[in-house]
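First the structure, in the form of structure tokens, and then the observations on it.
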Amino acid sequence: MEYQVYIIRNNAGRLYIGMSEDVIARLTDHNSGVSRWTKHRGPWELIWQSEPQDITSARKLENLLKRQKGGAGLYHLTGLPRPREGS
């Protein structure tokens, strides 16, 4: 089974990092209120996803990204553009 790590963002700029076998189905879950943490914080849009990988590698990457706490390391590791202050 292959997994992908993904990052979604809401209109307020909040990020959520997760992993799934089916990222698109999981995004639907986030936007339909299935996921407890994201339930009242959407709508969510997918802004990044990793290449498919085994579950161990995906968990390590997910935890690494979460440890960045949305700082410069997250943007460096994913290649996402850093949001401007006040945006």
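Values quoted throughout were computed directly from the atomic coordinates according to the rules given, and no laboratory measurement underlies them. In this text, all values refer to a predicted model and were calculated from it rather than measured experimentally. Glycine also receives a Cβ, built like all others from the backbone with ideal geometry; neighbour counts cover every protein chain displayed.
Here are some notes:
- Selection of trypsin sites (Lys or Arg not before Pro), segment 31-76, meeting DSSP coil and at most 16 other Cβ within 10 Å: 36, 39, 41, 69
- The label point for residue 56 and the one for residue 10, both projected 7 Å from the Cα toward the Cβ, are 3.6 nm apart.
- Candidates per chymotrypsin sites (Phe, Trp or Tyr not before Pro) in segment 11-87, loop by DSSP, up to 14 other Cβ within 10 Å: 37
- The translational diffusion coefficient of the chain, from Stokes-Einstein at 4 °C and 1.567 mPa s with a Kirkwood hydrodynamic radius over alpha carbon pairs, comes to 97 µm²/s.
- Cleavage-rule hits, GluC sites (Glu not before Pro), segment 12-79, DSSP coil, Cβ neighbours within 10 Å at most 15: 21
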